[in-house]
1. What pairs can you find where one residue is in segment 165-188 and at pLDDT below 95, the other is part of a loop (DSSP other than H, G, I, E, B) and of a type outside the set (A, V, I, L, M), and their Cβ atoms are less than 6 Å apart, with a gap of 6+ or different chains?
2. Looking at this structure, is residue 100 more than 18 Å from the chain's Cα centre (by Cα), surrounded by 14 or more Cβ atoms within 10 Å (Cβ to Cβ) and modelled with pLDDT under 70?
3. (1) open to solvent by less than 20 Å² (accessible area, probe 1.4 Å); (2) touching a Ser or Thr at 6+ places or on another chain (Cβ under 8 Å): which one isn't true of residue 84, the others all being true?
4. From the set of residues in segment 51-81 that are touching a residue at least 24 places away in the same chain (Cβ under 8 Å) and on the phi > 0 side of the Ramachandran plot, which is most open to solvent (accessible area, probe 1.4 Å)?
5. Filter segment 135-151 for residues that are under 10 Å from residue 26 (Cβ atoms) and among the basic types (Lys, Arg) and give the result.
6. What helices (runs of 4 or more DSSP H) lie completely within segment 133-198 and have 3 or more residues being more than 22 Å from residue 50 (Cβ to Cβ) and open to solvent by less than 60 Å² (accessible area, probe 1.4 Å)?
Amino acid sequence: MKDQPGVVPSVTLSCSESNLIRLATVLQSGFIKAGTEGDSIYSFLLRLPGFTEDYLLREVQTIFYNGDALDDLDSALAGGFATIALGSAMPGLAGAIMKKGSVCAAFRKTRTVQNVSRQGDPVQVRVKLFNTIARDRGPRLFNTGLRLDTHDLILFLELRPRLVDAFSDIIFDNTQLAPELLIESLSSVAQIRLEVRG
């Protein structure tokens with residue numbers, strides 16, 4: 001199957017809860033979610049399944065926007081493309097410096113102001129989840145379906161053949177696949193929408 005402009009193929013599969021948690025670590029590479037220029041990063045994150053106000057305030061301790069540490073979740077999405085990375089508390093001095101609202105924030109580059117030039121325009125946001133954030137929220141995100149770059153997913157799965165063997169009920173755009181054919185099928189498209197049932 002060849003990629004068609006504007007069409008993202010879908011893959012659904014099943015695996016055990018423990019393997020779903022293992023799969024969630026691929027979210028360090030990120031998934032793609034549509035946003036709107038001018039919307040706050042906070043409101044964007046609240047639309048992600050499982051990301052409540054309490055979870056964002058208590059568990060998400062490290063936030064990067066386009067590579068810069070971010071303290072103010074009211075900052076706006078800006079530009080046609082953006083990357084948001086979320087993590088729990090990091091250990092040691094690096095963790096203290098990068099933690100949102102840290103008294104050590106002066107030691108790092110911090111982004112506070114976004115230049116919104118096209119209010120309401122679409123923004124393609126790559127969301128990366130690290131450490132316990134991926135483990136805690138990854139399974140629910142996969143249950144609802146995520147858009148992924150297949151290159152990242154293939155690299156991840158090639159290093160984990162036992163994980164691939166543990167997948168069952170694999171449906172690639174309405175065609176049932178054996179686990180050993182999954183990676184080859186993914187290589188024919190640039191992105192997929194992956195839904196996983198635990």
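1. These pairs meet every condition: 173/9.
2. So residue 100 passes the test.
3. (2)
4. Among those residues, the one meeting the criterion is 66.
5. Answer for segment 135-151, where residues must be under 10 Å from residue 26 (Cβ atoms) and among the basic types (Lys, Arg): there is none.
6. 150-158, 182-186
The values are calculated or read from the model by the stated rules, or taken from the named source; none is laboratory data. What you see is a predicted model; the values in this text were computed from it and never measured. Glycine gets a Cβ as well: all are built from the backbone with ideal geometry, and neighbour counts include every protein chain shown. Note: accessible area is taken over every heavy atom of the protein model, side chains too, but ligands, DNA and RNA are not part of it. Shrake-Rupley method; radii C 1.70, N 1.55, O 1.52, S 1.80 Å.
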